[in-house]
Each structure stands twice: as C-alpha cells, then as structure tokens.
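Values quoted throughout were computed directly from the atomic coordinates according to the rules given, and no laboratory measurement underlies them. Computed from a predicted structure; not experimentally measured. Here the Cβ positions follow ideal geometry from the backbone for every residue, glycine too, while neighbour counts run over all protein chains shown.
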Amino acid sequence: MSAISTMTEGLDARTTGQRLVNQWLASLGTARERGQPVAYVFVMGNAIEILRAFGFEMVFPEINSLQTGVRKAAPDFIAQAEDFGFSPDVCSYVKADVGLMLSNMQHPSGVQMPVPDLAVASSLCNVYIKWAEIWERRFGTPAFVLDIPGKRFATWKSPAGSPQHLADARWVEGQFRDLIARCEQITGKKFDSDRLAEVEAHVNEMIRLWIEILAFNQHRPAPYNSMLDGLTYMGVLNAWRGTLEGVEYMRLLHAEIAGKVARGEGRVPHERFRLVFSGTPCYVNMRRLIELFESHGGVFAASDYLTYAAGGLDSAGLFYDTSRPLESLAEVTTLASQMGLSNHFFSHHALAQQMKDFAADGIVYHGIKSCRTVATSMADNREYVTTKHGMPTLYIESDLIDPRYWSDAQIKNRVDAFFELLEQRRNLQSIQER
Amino acid sequence: MMNDVEVSTGGIDAADASMTLMAVLERCFELAMRTGVADQEQPGAIGYFPVYFPEEIVHAAGLRPHALLGGGNKLEVRLADARIGSFVCSICRSTTEQGLNRSLHGMKGFFTQPICDAAKHMAGIWGRNFPAQPSQILALPQNVNSSASVRYVYDEYQRLRSVLAAQVGHDIPDAAIRASLHVYNENRRLQRELYRIRRDDPARLSTVETYLLVRAGTRVRREEHNQLLRDALRLLAERPVRPRDKPRVIFLGGFCEQPPLEMIETIEDACFIVDDDLLIGQRWITEDIAADDGDPVWALAKSYVEHSASSPVQFDARKPKEEMLMRMLRDARAEAAIITAAKFCEPGLDDQLALSHRLDAEKVPYLVLEFEEKMTSFEQMAMQVETFAESLLFQ
C-alpha cells in the first residue's frame, strides 16, 4: 500500500489534498534538520525539476502568502510591510512575505520558514524579480533570474521544433545549464540526468492525469468547482510536483472525480449555470465568493488560473522526453510559457475557447488590485469577448489577500445582477427555441 | 519657463548656422511635446513603449522609431478608463487613450517590452483594438548574466529585423544597419556631452533644457536630431553664465513614465539636477557600438548585454540598484538625491524603498516624491523641494 493511501484511507481527495499541503508546509520547517538545501521558487517558470533532482526543498513564497490570507493573518503581515515603507500599491503577496521576514520567519501555519540557499525568479511575472531582489537584500541570497520568453502577440505560433521554438528553447537551456552550475556549487553534488529524468517521468504522469481531471469538468454537472476544490488540487500539483506522492495523489483524485462523473454527481446540487473564472482567487474571501455564485446554481467549471498557476503544461498536452531530459525540459518549458503562462496578455482567444469546451454560460473576471500580471487589461479583454463573441461577462475587483479591497455588498450586487442577466438570456433563448 | 515659451518653428532650419540657442530649444520643445502620429506621416513611425528599443534596426529599415512617452498632463483620459484597471500606471492608461482617440492612428506598428507586467499587457490591448497596426512584445531578456544572453538578444533582434523587412517590403541589409549604428553612435556621444556639460556646469544648461534636447530625438530621424544637438552644443559653449548657488542633486524615477515638465522645473528652482535617469532608454547603450566589425546586429545585441545603463525594470547581477545609485552620486559629485516613482509603478516603488534605506545607511540626504504624468498642481511639491534644498544649504 502506498504512503498516500495509508495516510488518507477513507478521506476524499480535497481533504487529502489539504493534508498533503499541510504536510509539505510542515516539512519546510525541518529542512535544515534534514540537511536539505532550500530553494525559493514561484509557481510560474520555476525549473523545479532541476531543483528536485538536486534534492532541494522547495519554498513557494506565493503559497506562504496565500496561506496568510487563508489563515486570516494577512492584514497584520501586510501592515508590517507598509510600516516598513512598502507602498499600498505593491503586490500584497510581496508585502505578506516581507511581513513574514519582519516576523522572524514565523509563519501563521506554525512553521518556522527556512531562509533560502537559492532563489529562482522567472520573468513570467516581473514582480517575481523585484521580490527576489528583496530576498537578496534580506538574506544575501543571489537571485537566479530565469528569462522565459512568452508569446509575442495574440496569434503567435511557435510549434514544437520550429526555428523560433528552438531558438527560444536554446536560450532557456543555456540558462538551465547556468542554474545547474549554481546548484552544483551550492549542494556540492554533480548533476544527475537520470535523476532529472525520473522527476520528469513523475511530472509527466501528474500532468497526464491533471489534463483529464480538468476535462472531467466538461461534464454536466461539473463534478468540482475549479475555484474552490480546484485550488486544493492545484496546491498539491505545485508542492508535490515531480514526486511519487504527487503521482499517487493525482491518481486518487482522478479516480474520485471519474467516479463522480460516472454517478452524475455535481459540485452544485442543482447546477444551473456553468461559468469560466479568469484571474486569481481572493484567498481571504474565496469561500464567500464561491457561495455568492453557488447560491444561484452557478459553478466555475473552468478557470485559466488552474493552467497558469499550475505550470502551464496542460495548455497543450506537453510532456517531457525523458530520454533527453535537459533538452526536453528547455523545449517544454518554452512551450508551456508561450501556450499557458503568458496568456494573461492575450487571453481573449483562450477564454472564448474555454467557453465552448466547457459549454459555459459566462465569464467572470476577477481583477486584483495589486496584481498587474493578471489584471491590467482584463476590462479590455472583457470588452473584446463581450462584443466579438457576445458572451455574458462579469467584472469584479478585490485582492489576493488584502481584505481592505473586499467590498461584500458591492460584489454581491454585481453577482446578483449578473445572474439576473443570465436568467433573462436563458428565458429569451427558450422562447426563441419554441 | 519653457512651458511659457510661445512656440514658433516656422522657417527654422535645424542646420542653420545662425540659429540661436533659444530657437534650438523652441524647436526641441515643439518636437518633444508632440504626442500623436499623423496618418500620412513619412517616414512611417514604429511606436515603442519604454524603456529601451533597438532603434537602429527601425532606422535602417527607413522608418522612424517613435518613443511612446504617454500623454502628459494635457491629455484628458476619457476612453481608456473603461479598458484598464484602476490600479495601473498613467502611461499605460494614456497610451491606450491615444490609441482609442486615434491620435496614434498613423503608426505603422507597435512594440512593447517585458519591462513590467502592465507593459506586457499593452501588446494585447493594442492587438485587440488596433488590428491594423501590427503589435508585438519584443522579448528583451531579464537575464543578461548568462553566457547565452547575447545570442538570445541577437535572435530576437533578427526576428525584429524580419518583421520590419516584411513591413517595408524589402530586406534590411547589413550595410544599412551599420550606417544606422554610426548615426546612433554619434547621437549617444552628443547626448553624453550634453550630460557632461550639465554635470560640470549646471548653470550653463538646465535639466529641463537637457530633457527637451534629448526628448526631441524621439520625434525625428536621428540625423536631424544629431544636427540639433550639434547646434545646441556649439551655442551652449557661447552662452553667458551667471553663477548660482544651489545644492547639487541627482534625480531618479524618470526611466519610463515621464514626470511633467513643471515638476522638473519645480525641482530646478531650488536645486541643480546634475544627473538623472530621465529617458534613460535614449542613452541605454553607454559606449560606441563596433559598427564595422563583423555582424552589426550581433554588435548591437552585445552592447545591450555588456555596455548598458541600468533601471529598476531590468535585473542585472552586475548592477545592484543601490551600488548604481551610490556610483551616480559620486560621479555627479552630488550631495543629495531626489528619489521619485510614478504612481502604481511597482518596480519604481520597490526600488524607491530600497534606495532610501541605503541612503539612510550612508547618511546621504534625500527626498522621496511620487508623481503622475497627468498631475497639474505643484505647489505642495515646490514647498517640499524648497524645504529640502534649504536643509541642504544650511546643514
């Protein structure tokens, strides 16, 4: 019997996922005792496969920060950062992390967060780089900036093996080789390409299952809510990426959701509207946000968040060729960046496609006050999708973890009005069909 | 104040030997404050978002690089507010407004760069709203510390070259790029000389004047700009100078969104600004590019990686932000710093804090200011600056 099934027998996948995330968090606090080097990484463009091959324990500061929101500790951490001098206009994740540093790395989960031996910041979010500079100043840990070129324009085509793809992949591979040299220096270990291939094989299996799990929500009723249950699933995908435990969890999750589909069980008892969510969650009020939609029989069948915050490999069914692990890592990372991770800037086509694939009734855009990566042009995107595709859309605004930007009455009013629109639209359709 | 100058360019020829310094500055003012691109403008303009852009390739294609510098404080934003988040900086908003109100309708293309997350979105906004203007991200790297960096920049520049060649309908030969490198090398030499004069003799050349002289280059072909700068340098040498006693400061925060001219004037009323990062992209390359040795595009790419300035929006392990600040203070023989950031500019705001901490540690006086290109009231800022300058004079 596997480690996962022993630990979680009889539990559903969401509870198991929460336990795994907590187990991972707890393990961060003991990394030093185990003699494990520690790397700080982000969810987009992190080269985790290489780091895992070297035996690094991975800290995701984004997850640390969102956890301060989930655990209702974010206001205090953010206030500490603002008292230190950070502007209210700076990303609240960054400020929560600064608050953690100013709290002697004592995370509200109870874990004493380790300081990094290595920090990898990709260019997929420029704030990552500024964040890594803060660590440089605080911990003296030099940042390793991984530049991963994204899409250059909306209809950008750079298929696998094309000259453009190979040029970009060569660039990424060159940086991976630099990263490997730095890892060798830090850990004193030689790079082991067989171990990299092993990690990649686990990632391949996790992604294969993840793609099917995402597709299960094309069924009506949708078996899970992308922006509630899906967040837990994705947390495991990130934290346990490239591990046997991660593979086992995905199998468990896959089996559970397949069962729900077979039995016709939906997340919402009487599913009336299927929606696509674009943007990031509001972790301090996510349950409330979901409740506002589910009370109208609305379910988030799909979300772009479950692609770009999960590494982007699902965006085009990308898998590593483990017979040439490093080269393939560079090629796939490049494609993932261009097809899944840089989509915020040109997401109108992808959202329209998701609407079709998931037979959705509308798109909900969630603009984040402090996240320009995701939210800068959402309103423009919405205008395009509404006028070109005639799709019902809703735009609401709050923040990732800063509760000052959550206005319950205003958001509720907007959500209620949106469902009125959907109801009217449906009534009109049924009249026309008669 | 230059803003009060009645602008008249009629009959002024940039190459006219009898031109006065005031006439050169008036011409530069008129050019610098142009924000639109007319429909039939020739040569065709390729718009680019800050900070740096390899203009030489555009120039070699026979086109005119047009730096998009926002709408300033004369533009009323009416259409863009509905398209862009409320938490996004003014330059993204006003650039979008200029697209929507058709004042940039004459542009033949639009490029933005991964300088920040908001800037990356500009390519999507442009593509959705102005499909007739090809819009792209020129993916300049955030890692210039890899042995593979030059090669990557080279590949990206070659891609740009192909896009522009398709635009003009013919190849862009190496010889044309070499010729453009020479024109731009001269332009940067002239800009460096301008900055040297302002640093060594700030009473001779103000920062507003320096700024206008540099900014004018974003609106004409560089040959014409070179002539303007040559005229200005010649005439500056003859300018009578009245010594004045003001503290010497450096100004930071003007690398992307531009502070209003009145803000620079407000600071200059009380201080000599002896170095700055205003329009830093215009002099991003810090040394002459080897125009005649080997592949000119490679030389351009190599210069970007190895001989370039710094800004909050590019990571370079060789150039820690605080060290660059201290070097700038030393080189400019400045006694204090004015550290500004545009509202909602996350990279600028992050650096503003880090630099302030370093200045605290070094016991260097500094003033922190936040600005927006659209601001129109400067009374409070004037009071802050005057108080700061007095504290420097009497410390």
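From the residues A:TRP171, A:ALA143, B:THR340, which one has its Cα farthest along the dipole of the protein assembly as shown in the positive direction, the dipole being from +1 and -1 charges on Cβ of Lys/Arg and Asp/Glu about the Cα centre?
A:TRP171
Which one of A:ILE396, A:GLN23, A:ALA119 is farthest out on the positive end of the charge dipole of region A:3-433, using unit charges on Cβ (Lys, Arg +1; Asp, Glu -1) and the Cα centre as origin?
So the residue we want is A:ILE396.
What share of the DSSP beta bridges in chain A is antiparallel, in percent to the nearest 5?
Roughly 5 percent of the DSSP beta bridges within chain A come out antiparallel.
Quick one: angle between helix A:61-70 and the longest Cα principal axis of chain A, in degrees between 0 and 90, rounded to 10, please.
Orientation of helix A:61-70: about 50 degrees from the principal axis.
Whole-Hz Karplus ³J(HN,Hα) for region B:277-293, in order, using 6.51 cos²θ - 1.76 cosθ + 1.60 and θ = phi - 60°, x for Gly and Pro?
Values, residue by residue: 10, 5, 6, 4, x, 5, 10, 4, 7, 9, 9, 4, 8, 6, 5, 9, 9 Hz.
Can you run phi through the Karplus equation (6.51, -1.76, 1.60; θ = phi - 60°) for region A:343-355 and list ³J(HN,Hα) in whole Hz, with x for Gly and Pro?
7, 4, 7, 9, 7, 4, 5, 5, 5, 4, 5, 4, 4
For chain B, what does -39500 (n - 2.57) per DSSP helix run (n ≥ 4), summed and divided by total residues, give at 222 nm, in deg cm²/dmol to the nearest 500?
-14500 deg cm²/dmol
For region A:253-317 and region B:269-284, what is the separation of their C-alpha centers, rounded to whole Å?
51
Would you mind getting me the FRET efficiency between B:ASP295 and B:MET22? Use the beta-carbon distance for r and R0 = 35 Å, nearest 0.05.
Numbers: r = 44 Å, r/R0 = 1.25.
Rounded to the nearest 0.05, the efficiency is 0.20.
Please list the non-local residues whose amide H lies under 5 Å from the amide H of A:GLU57, H modeled 1.01 Å from N, same-chain partners needing a gap of 5 or more.
A:VAL38, A:ALA39
Per q in 0.10, 0.11, 0.12 Å⁻¹, report the Debye log10 I(q)/I(0) for chain A, using one uniform scatterer on each alpha carbon and no solvent.
For chain A, the Cα-only Debye profile gives -0.69, -0.85, -1.02.
In whole percent, what relative contact order does region A:3-433 give with Cα contacts below 8 Å and a gap of six or more residues? It would help to have the intermediate numbers written out before the result.
Values: 717 pairs, mean separation 79.4, N = 431.
Averaging sequence separation for qualifying contacts and normalising by length gives 18 percent for region A:3-433.
Treating region B:245-395 as a set of equal point scatterers at the Cα positions, no solvent, please give the Debye-formula log₁₀ I(q)/I(0) at q = 0.09, 0.18 Å⁻¹.
-0.31, -1.07
Work out Dmax and Rg for the protein assembly as shown from the C-alpha atoms and quote the Rg first, both in angstrom.
Spelled out, the Cα radius of gyration and Dmax of the protein assembly as shown are 27.5, 93 Å.
Kirkwood Rh, region B:59-108, all Cα pairs: how many Å?
It works out to 11.9 Å.
Nearest 20 debye, what's the magnitude of the dipole of chain A about its Cα centre given +1 on Lys and Arg Cβ and -1 on Asp and Glu Cβ?
So the magnitude is around 500 debye.
Could you size up the charge dipole of region A:298-364 around its Cα centre, putting +1 on the beta carbon of Lys and Arg and -1 on that of Asp and Glu, and report it in debye to the nearest 20?
60
Which order do B:GLU372, A:GLU383 fall in if you start with the one that has the fewest other Cβ atoms within 10 Å? Display every interim value, and only then the final one.
Numbers: B:GLU372 21, A:GLU383 18.
Taking fewest neighbouring Cβ atoms as first place, the list is A:GLU383, B:GLU372.
Distances over 33 Å make up what percent of all Cα-Cα pairs in chain B?
When every Cα pair of chain B is considered, 29 percent fall beyond 33 Å.
Between B:ASP200 and B:ASP288, 0.36 nm times their residue separation minus their Cα-Cα distance comes to what?
Stretched fully, the B:ASP200-B:ASP288 segment lengthens by 29.5 nm.
Within a Cβ distance under 10 Å of B:LEU349, other residues only, what is the Lys/Arg minus Asp/Glu net charge?
The answer is -3.
From other protein chains only, count the Cβ atoms within 10 Å of every residue's Cβ in A:364-376, then give the mean.
Mean partner-chain Cβ count within 10 Å for A:364-376: 5.
Hey, got the dipole for region B:256-395? About the Cα centre, +1 on K and R Cβ, -1 on D and E Cβ, debye to the nearest 20?
It comes to approximately 400 debye.
Nearest 5 percent is fine: what portion of the DSSP beta bridges confined to the protein assembly as shown is antiparallel?
Bridges in the protein assembly as shown that DSSP calls antiparallel: roughly 5 percent.
Which of A:ASP321, A:ASP83, A:ASP380 has the fewest other C-beta atoms within 10 Å, and how do the rest follow up to the most? Walk me through the numbers on the way to the answer.
On the way: A:ASP321 14, A:ASP83 10, A:ASP380 23.
Arranged by neighbour count, lowest to highest, A:ASP321, A:ASP83, A:ASP380 become A:ASP83, A:ASP321, A:ASP380.
At 0.36 nm per residue, minus the direct Cα-Cα distance, what do A:HIS389 and A:MET105 gain on full extension? Give it in nm, one decimal, please. Spell out each step's value before the answer.
On the way: separation 284, 0.36 × 284 = 102.24 nm, distance 4.80 nm.
This chain segment gains 97.4 nm when fully extended.
Under the Karplus relation 6.51 cos²θ - 1.76 cosθ + 1.60, θ = phi - 60°, what is the ordered set of whole-Hz ³J(HN,Hα) values for region B:83-90, x standing for Gly and Pro?
Ordered by residue, 3J(HN,Hα) equals 10, 10, x, 5, 9, 10, 4, 5 Hz.
Quick one: net charge of A:ARG182's neighbours, Cβ under 13 Å, K/R +1, D/E -1?
-1
Count charges around A:GLU433 for me, please; just the other residues with Cβ under 13 Å from its Cβ, Lys/Arg as +1, Asp/Glu as -1.
+3
Could you work out the mean projected area of the convex hull around the alpha carbons of region A:349-404, in square nanometres to one decimal?
About 4.1 nm², averaged over all directions.
When you look at the Cβ of every residue in B:344-351, what mean number of other chain Cβ atoms sits within 10 Å?
That works out to 6 on average.
For chain A, with a Gaussian network of springs between Cα atoms less than 10 Å apart, report the residue from A:GLU133, A:GLU173, A:GLU423 with the top mean-square fluctuation.
Among A:GLU133, A:GLU173, A:GLU423, the largest GNM mean-square fluctuation belongs to A:GLU423.
Enumerate the amide H contacts of A:TYR395 below 5 Å, restricted to partners 5 or more residues apart or on another chain; note that Pro and chain-start residues carry no placed amide H.
Counting only residues 5 or more places away or on other chains, the set is A:TYR365.
Would you calculate the separation in nanometres between label points at B:ASP39 and B:MET383, each defined as 7 Å from the Cα along the Cα-to-beta-carbon direction?
4.9
Based on the alpha-carbon set only, what is the convex hull volume of region B:79-224 divided per residue, in Å³?
Values: hull volume 25.1 nm³, N = 146.
Cα convex hull per residue, to the nearest whole number: 172 Å³.
For chain A, modelled as a GNM with alpha-carbon contacts under 10 angstrom, which of A:ARG220, A:ARG137, A:ARG241 fluctuates the most?
Highest fluctuation among the options: A:ARG137.
How about region B:255-333: which trypsin sites (Lys or Arg not before Pro) there are in a DSSP loop, with at most 16 other Cβ atoms within 10 Å of their Cβ?
For trypsin sites (Lys or Arg not before Pro) across region B:255-333 that sit outside H, G, I, E and B with at most 16 neighbouring Cβ atoms in 10 Å, the list reads B:ARG318, B:ARG333.
On average, how many beta carbons from a partner chain sit within 10 Å of the beta carbon of a residue in A:137-148?
On the way: counts 7, 0, 0, 0, 0, 2, 4, 4, 10, 3, 13, 4.
Taking all residues of A:137-148 together, the mean is 4.
Ranked by Cβ crowding within 10 angstrom, fewest neighbours first, how are B:HIS66, A:HIS348, A:HIS296 ordered?
Neighbour counts put them in this order, fewest first: A:HIS296, A:HIS348, B:HIS66.
Can you give me the Cα centroid spacing of region A:172-189 and region A:7-65 in angstrom?
The distance from the Cα centre of region A:172-189 to that of region A:7-65 comes to 21 Å.
Could you pull out every residue, at least 5 positions away or on a different chain, whose amide H is within less than 5 Å of the one on A:SER303? Hs are placed 1.01 Å off N in the peptide plane, and Pro or chain starts have none.
Amide H to amide H, under 5 Å and 5 or more residues apart or across chains, A:SER303 pairs with A:PHE277.
Once Lys and Arg get +1 and Asp and Glu get -1 on their Cβ, which of A:PRO61, A:VAL374, B:PHE388 lies farthest toward the positive end of the dipole of the protein assembly as shown?
So the residue furthest toward the plus end is A:VAL374.
Of the residues B:LYS108, B:LYS363, B:LYS343, which exhibits the maximal mean-square fluctuation in a Gaussian network model of chain B defined by a 10 Å Cα contact cut-off?
It is B:LYS363.
Given all pairs of different Cα atoms, what value in angstroms does the Kirkwood hydrodynamic radius of region B:156-266 take? Before the final figure, lay out the partial values.
Values: mean 1/r = 0.0606 Å⁻¹.
Value: 16.5 Å, from the Cα pair sum.
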